[in-house]
Structure formats: C-alpha cells, structure tokens
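Presented below is the structure to which this report refers.
The values are calculated or read from the model by the stated rules, or taken from the named source; none is laboratory data. Values in this document were obtained by computation on a predicted structure and should not be read as measured data. Every residue, glycine among them, receives a Cβ derived from its backbone with ideal geometry; neighbour counts consider all protein chains shown.
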Amino acid sequence: MKIIIVGAGEVGFHIASHLVRENKEVVIIDHDAAAIRRVSDHIDVQTMIGIGSSPEILEEAGIREAEIMLAVTNSDETNLVACMVANILSPSTKKLARIRSGDYDQYHELFCRNAPNIDTVINPEMEVVTTIEHLISVPNAADVGEFAGGRVKFIGIRLDDATPLAGSRLLELPDRIQGHRPLIFAIIRDETLIVPSGKDRLLPGDLIYFITDDEHLEASLRQFNKHADPVRRVLIIGGGRISLRLASRLEQKSIHTKIIEKRPDRCSLMAEKLHRTVVLCGDGSDQALLKEENIQDADMVITLTDDDETNILASLLAKRLGAWKTITKISKFSYFPLMHTIGINQVVDPRLSAINSILQHIRRGKVLSSVSIRGEDAEIMEAVALETTDIVGKPLMDVPFPKGVLVTTILRGENVIIPTGQSVVAPNDRIIIFARREAIPKIEKILAVKLEYF
Amino acid sequence: MKILDVLRKEAVVLDLKSKEKKGVIEELVMPLAQVSGVAPEELVRVLMERERLGSTGIGGGIGIPHGKLKDIDSLIVGFGLSRQGVDFESIDGRPTHIFFLLVTPENSIDIHLKLLSQISRILKNDLLKERLRNAKSQDEVLDIIREEDVGL
C-alpha cells in the first residue's frame, strides 16, 4: 500500500514510522528541510522537500498511485489545498486531513460531500476533549477509552498497596471476586507491557487495563478499590482552543469550571464565548493565585497551555497544593515514560489522538476504531468480523492468533459477550481485539476477507 | 456463461505500467469505463474498497480485483498483464502478473461467484498461466482463454 504523508511534523513523523514497521510504502513531503532530515535520519521512507499542496510535488510523489494521502501539516489551509489538488489529480485516492480551527467545525461534512471530497477530517483537538471527558467520567483511572458508542469501556488503573486483589494470580480471581469479573488484558509493570496469562500476578504499582461493559463499570472499579466519584469542579490552566472547546462541553454538563489564562486578549475572547465559566487573567503557575482560587477544592486540574514544561509543572504544583486529580497535556512523546515517575498519571496528547484516528483508516479489514496504548506498544481495535474471514465460524481457540493477542469482547446485537476459547464469532459480530504491535500485521490477515467475499 | 461472453477485446490491457495496486486498478479500469459508460473513479472506488477488506491477490501471480455496483445493467470484465509484476499485497507475498477484473450488478451474487470460480479454475492451469503471461496481443489472450473456457 502506498501512502503519501504531507507534513513531517510530530504527527507525520510518527505515522510514517508506524507505517514503515508495517511494510507500507511511504512518501513524506515537507517544505522544511530540517523536518525532512529528521525523518530520513530515523526512518527508511522516501522523503521530498517541497510544498505538499503543490500539484507538481504531489505528481512527483506519485499521488495517482497512492491509496491514501494524509494531509497533516500544522496549517489547516495547506491541508485543505493538498486535498483539493489530490482530488483533481487522483480522485480515488483516499484523503485524510487534519483540520484544527474551530471555524471549520460546522463544515467538516461539507468538505467530505463536496470538493475537495475529503474522506475523513481529523480534529485532534476535538478528540482530546473527548478523551478528557472520558477521563473526567472515571477520575480514578489513568486511561479510559470507549468502544461501541460507549457501551464498552476500557480502563487503565494503577494498583495501589491497598488493592485487596494485589498478589493474586489472574486464575484465582474467579474465587476472589463475587459477581461480575472484568477482563484484564494488559499489565504494565516497570514500563514493560505484559499480556497476562492465568499464572501472572497482580502487583501493587502495576498499571492494569481491563475491559467492561458500561453497566458493570462501577462494580469493576470497586474490585480494585477505586470509585467513580463524580467531578464537580474543574480548573483549567491555559486558555487555548482546546480549553475553549472543553469548557463549553463542561458547561453543558453543569460542571463548575474556571480557566486561568495569561494573555488578556485571549481572556476577553474566552469570556465572551463562554457563559458560566469563570475566566481569570493570570499565571497558572503562580502559587498565590492558585491558592487564592481555592485550588484545594478543585476535583480536577487540567493543564492545557501550549508548553509541555509549563503543563507538567503546573500539574505538579496543583497536586502539591491539594488538587485531587490532574490531567496534563503533553506533546513530546519522549516525555511519556517519565510521567509516572514524577507523579503525573493522566496525560493527554492531541498528536497521539490524531495518530489513533489515522491508523484506523489504514488498517485492512473493517476496522471501526483503534486506540494505541502506552505510546505505541499495543493497540485495541474494534472491527467487524466479516463473512469468509478466519475469525468467524470456529471456536476462538482454533483461530490461528499470533502471540500477544486477545479477543476481549464480542458484540452481538445488543449483547456484550466476554469470550472464552470456546466462543464462536459469527459473521457481522463486532469484536474488540487487543494486540501487541508486532502482532498487528497478522491480525489484519485474520480480519481480511477471502476472495469469494462479495 | 463463458468468460469470453463478457470479456471484450478492448478490455484486455497487455502492458500494465504501474507497480502499485491503485495504479494498476486505474489502468485496468480505463478501457472498461469507456465501454460501460461508468465513471472510472466510481469503478476504482468500489474495487479499492473491496481490496481494503482483504486483498484479492490470491497468490501464484494472480489478482482478481472485484466488486459490485448498484447502477449497472451488465457485467464489467477486464483483463491485464504486468510484465514486471505488481505489489498487490497477495497472500503469498509475491508480485502479481495476471489480473482479471470483475464488477457485477449488486443483486447478481450468483453470477459473480460462478465467474470467480471459473476464473480461478482456469488459472489453476500452470501452463496456460505461463502462456497468458507471455501473450503478445489482445487476440492471443482471448484465444488462450477460449481453450479452457468451457462455461458453466
């Protein structure tokens, strides 16, 4: 599969490195020679220096042969023009564009239905807001995601010493848990991902991932000594576009929200656009201001400035001053492994969100959504089990899954089934699969239809 | 039904240039779009959509891209040869040289499956496959297929 990536920033770079590992043919275009050098120093892809919206450059990159074009520069307009040009030169190339500005929000669908006929508009800022909303809904979790329109959730939680289940082997859990038992599909211990078997133990300090239907979420959390206390007061530090989006969502949920932003002009704009949110002009890393605003009463402090370091420090400060939970926006992937060590548990990243939504469109088979966890070590994906694929019609234990793969859920109509080895997936069931990165090409094969599929 | 009842001489492309799946499908579709009156991008779209669910590169150097379209009255069938081979993501991972292309009306699953099996049966014959790969003219391709095209 040939894929052209316009824009060699953080998103373009990471998508490219992801795709190369899966043996896709990638051409990456950027006008910035330094960005291109970074790509060619690290990954084995074809690179081109030039404006990605230029017809000549796109021709030269082979747009006519490309199955997919990703327009992911940091300029919405360049991305739109690149799609427009691609649409003229090669209408059947799939076009995915990152568009961030709120001004375009209401028009995404128009851009899909009319020229430039974008197949998917990706707005990482909207997705980050959704992620934050998920995290707010389960404030004790380190990671929360949804599948099947919210009917199934996956939750990552950190086990503490008080967890009653600490020390148990997974195979002992049926005896120790009464009633509904969540399916644990991954354990992260000392930054290493373990796909557990019955013999593995749960230890304090582990970050465990489990999957559950919405109905049993609270019961599942209780098993691990966590509770889903509702968040009522939120303090946001930084008044950028994500804050504005988030604050208006929180207003709808009647969550009491304050925003602290440095720039006075930005403050007045936010105050104008928001209704019940309190906008304060000031420095979010100023202790005195935070105290004055009763930070210790905030259920959650969310740091969303454009600067990673400011966000990290502000979150740490907020915690120290008594805030119950924090969510920190970080864009540098290299910071992720440090976060737990320095005491930051909940992290969001618009770029990772963008990468997640792009990957789903590149997968073979009918993949509906996919989420990377732990950077990119593993993926959880929701897919439709189509007729003629290897996954349907036989017990799961007979499906030739590679190592590091778990079918966590079968969705059949309204039913949510936690499968065993004997379960049989029927055509058109939806399935939620967890897979280590290395196993993904094989999973794609298992989800691929055979020749006779019509 | 025989393959030659539906495969027209103009639909035989002797020398596919592209080395990529999408490029090859575009080349194969060009003559078909003219004959059938269906917009080429529409044909490419359905064929590529089908490929996304699983490659029709069945190995042994053969690809049978196929799909269905709502608003057509009759079958659209094409044939193509690539001398250098195409990366068609085939199940054996090897380049693909011989292409049969098939687009059928949405409600004719029966004919569709019959044609697919007819095509795959013909291509099981290694000698014939070799001769097809080396065919020099559109007529020669049709002649070779005719030998095995016993119909169903």
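When restricted to residues that are closer than 26 Å to A:ARG241 by Cβ and assigned to a loop (DSSP other than H, G, I, E, B), the range A:130-150 contains 4. For the range A:151-193, a tally of residues being assigned to a strand (DSSP E or B) and either in contact with a Lys or Arg (Cβ under 6 Å, 6 or more places away or on another chain) or surrounded by 14 or more Cβ atoms within 10 Å (Cβ to Cβ) (or both) returns 16.
Can we say A:LYS366 is among the basic types (Lys, Arg), without any contact (Cβ under 8 Å) to a residue 60 or more places away in the chain and within 14 Å of chain B (Cβ to nearest Cβ)? If you could, list the steps in order and put the result at the bottom.
Values: among the basic types (Lys, Arg): yes; without any contact (Cβ under 8 Å) to a residue 60 or more places away in the chain: no; within 14 Å of chain B (Cβ to nearest Cβ): yes.
Considered against the rule, which asks whether it is among the basic types (Lys, Arg), without any contact (Cβ under 8 Å) to a residue 60 or more places away in the chain and within 14 Å of chain B (Cβ to nearest Cβ), A:LYS366 comes out as no.
Give the range B:5-22 a look and list any residue that's part of a helix (DSSP H, G or I), within 8 Å of chain A (Cβ to nearest Cβ) and either over 14 Å from the mean Cα position of the chain (by Cα) or under 25 Å from B:GLN118 (Cβ atoms) (or both), or say none.
Step one: filter the range B:5-22 for residues part of a helix (DSSP H, G or I), giving B:5-6, B:21-22.
Filter once more, keeping what is within 8 Å of chain A (Cβ to nearest Cβ): B:21-22.
Scanning the range B:5-22 gives a single hit, B:LYS21.
Applying a threshold of 6 Å to beta carbon distances and a minimum spacing of six or more residues, or different chains, the list of pairs starting in the range A:143-170 at a residue that is of a type in the set (Ser, Thr, Tyr) and ending at one that is modelled with pLDDT of 90 or more reads A:SER168/A:LEU202. From the set of residues in the range A:269-284 that are crowded, with 20+ Cβ neighbours inside 10 Å and not aliphatic (A, V, I, L, M), which is modelled with the highest pLDDT? Only one residue tops the list, namely A:THR277. Among the candidates A:VAL6, A:VAL81, the residue that is surrounded by fewer than 23 Cβ atoms within 10 Å (Cβ to Cβ) and either at pLDDT 95 or above or within 30 Å of A:LYS445 (Cβ to Cβ) (or both) is uniquely A:VAL81. What do you reckon, is B:ILE144 part of a helix (DSSP H, G or I), more than 10 Å from chain A (Cβ to nearest Cβ), touching a helix residue (DSSP H, G or I) at 6+ places or on another chain (Cβ under 6 Å) and surrounded by 14 or more Cβ atoms within 10 Å (Cβ to Cβ)? Yes. The condition (being away from every other protein chain (no Cβ under 14 Å), surrounded by fewer than 23 Cβ atoms within 10 Å (Cβ to Cβ), over 25 Å from A:ILE373 (Cβ atoms) and modelled with pLDDT of 95 or more) is satisfied by just one residue among A:ILE29, A:ILE49: A:ILE49.
Results for (1) touching a helix residue (DSSP H, G or I) at 6+ places or on another chain (Cβ under 8 Å); (2) more than 14 Å from every other protein chain (Cβ to nearest Cβ), shown as yes or no for each residue.
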residue: A:ALA34; (1), (2): no, yes
residue: A:ARG37; (1), (2): no, yes
residue: A:VAL45; (1), (2): yes, yes
residue: A:THR93; (1), (2): yes, no
residue: A:ILE99; (1), (2): yes, yes
residue: A:VAL128; (1), (2): yes, yes
residue: A:VAL138; (1), (2): yes, yes
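Pairing each residue of the range A:52-64 that is small (Gly, Ala, Ser) with any residue that is assigned to a loop (DSSP other than H, G, I, E, B) and crowded, with 17+ Cβ neighbours inside 10 Å, provided the two are 6+ apart or on different chains, yields C-beta distances under 8 Å for A:GLY52/A:GLY7; A:GLY52/A:HIS31; A:GLY52/A:THR73.
Would you mind stating whether B:LEU28 is within 14 Å of another protein chain (Cβ to nearest Cβ), in contact (Cβ under 8 Å) with a residue 60 or more places away in the chain, within 15 Å of the chain's Cα centre (by Cα) and under 18 Å from A:THR93 (Cα atoms)? Outline the logic, then answer.
Numbers: within 14 Å of another protein chain (Cβ to nearest Cβ): yes; in contact (Cβ under 8 Å) with a residue 60 or more places away in the chain: yes; within 15 Å of the chain's Cα centre (by Cα): yes; under 18 Å from A:THR93 (Cα atoms): yes.
Answer is yes for this residue.
Within the bounds of the range A:206-213, is there any residue that is touching a residue at least 60 places away in the same chain (Cβ under 8 Å), part of a loop (DSSP other than H, G, I, E, B) and polar (S, T, N, Q)?
no
Report, by residue number, each residue of the range B:46-55 that is crowded, with 18+ Cβ neighbours inside 10 Å and free of Cβ contacts under 8 Å to residues at least 24 places away in the same chain. I'd like the intermediate steps shown before the answer.
So the first thing to find is which residues in the range B:46-55 are crowded, with 18+ Cβ neighbours inside 10 Å, and the list is B:46-48, B:50-55.
Answer for the range B:46-55, where residues must be crowded, with 18+ Cβ neighbours inside 10 Å and free of Cβ contacts under 8 Å to residues at least 24 places away in the same chain: B:ARG50, B:ARG52, B:LEU53, B:GLY54.
Anything in the range A:413-432 that is without any contact (Cβ under 8 Å) to a residue 40 or more places away in the chain and either surrounded by 14 or more Cβ atoms within 10 Å (Cβ to Cβ) or part of a loop (DSSP other than H, G, I, E, B) (or both)? List them, or say none. Listed by number, the residues that qualify are A:GLY413, A:GLU414, A:ILE417, A:PRO419, A:THR420, A:GLY421, A:GLN422, A:SER423, A:VAL424. Go through the range A:254-268 and give me each residue that's within 29 Å of the chain's Cα centre (by Cα), farther than 17 Å from A:THR310 by Cα and surrounded by fewer than 18 Cβ atoms within 10 Å (Cβ to Cβ). Within the range A:254-268, A:SER254, A:HIS256 qualify.
Does at least one position in the range B:42-64 carry a residue that is within 11 Å of chain A (Cβ to nearest Cβ) and more than 23 Å from A:ARG364 (Cβ to Cβ)?
Initially, the range B:42-64 is screened for residues within 11 Å of chain A (Cβ to nearest Cβ), giving B:42-59, B:62-64.
Still in the running and more than 23 Å from A:ARG364 (Cβ to Cβ): none.
There is no residue in the range B:42-64 that is within 11 Å of chain A (Cβ to nearest Cβ) and more than 23 Å from A:ARG364 (Cβ to Cβ).
Count of the range A:374-408 residues, restricted to those that are more than 14 Å from chain B (Cβ to nearest Cβ), closer than 15 Å to A:ILE443 by Cβ and part of a strand (DSSP E or B), is 9. I'm trying to understand the selection: among the residues of the range B:65-95, which are in contact (Cβ under 8 Å) with a residue 40 or more places away in the chain, more than 12 Å from every other protein chain (Cβ to nearest Cβ) and over 14 Å from B:LEU32 (Cβ atoms)? B:LEU81, B:SER82, B:ARG83, B:GLN84, B:GLY85 - these are the residues of the range B:65-95 that are in contact (Cβ under 8 Å) with a residue 40 or more places away in the chain, more than 12 Å from every other protein chain (Cβ to nearest Cβ) and over 14 Å from B:LEU32 (Cβ atoms). Of the residues making up the range A:153-169, those that are among the hydrophobic types (A, V, I, L, M, F, W, C) and either at pLDDT 90 or above or within 23 Å of A:ASP214 (Cβ to Cβ) (or both) are A:PHE154, A:ILE155, A:ILE157, A:LEU159, A:LEU165. Selection of the range A:283-296 for residues being on the phi < 0 side of the Ramachandran plot and either not assigned by TED's automatic domain parsing to the domain that holds A:GLU261 or not acidic (Asp, Glu) (or both) yields A:GLY284, A:SER285, A:GLN287, A:ALA288, A:LEU289, A:LEU290, A:LYS291, A:ILE295, A:GLN296. Before we move on, is A:ALA435 outside any strand (DSSP E or B), of a type in the set (Gly, Ala, Ser) and surrounded by 17 or more Cβ atoms within 10 Å (Cβ to Cβ)? Judged against the criteria, A:ALA435 is not a match.
Just the residues that are basic (Lys, Arg), part of a helix (DSSP H, G or I) and more than 14 Å from the chain's Cα centre (by Cα), please, taken from the range A:316-372.
Of all residues in the range A:316-372, those basic (Lys, Arg) come to A:319-320, A:325, A:329, A:332, A:351, A:363-364, A:366.
Still in the list and also part of a helix (DSSP H, G or I): A:319-320, A:351.
A:LYS319, A:ARG320 - these are the residues of the range A:316-372 that are basic (Lys, Arg), part of a helix (DSSP H, G or I) and more than 14 Å from the chain's Cα centre (by Cα).
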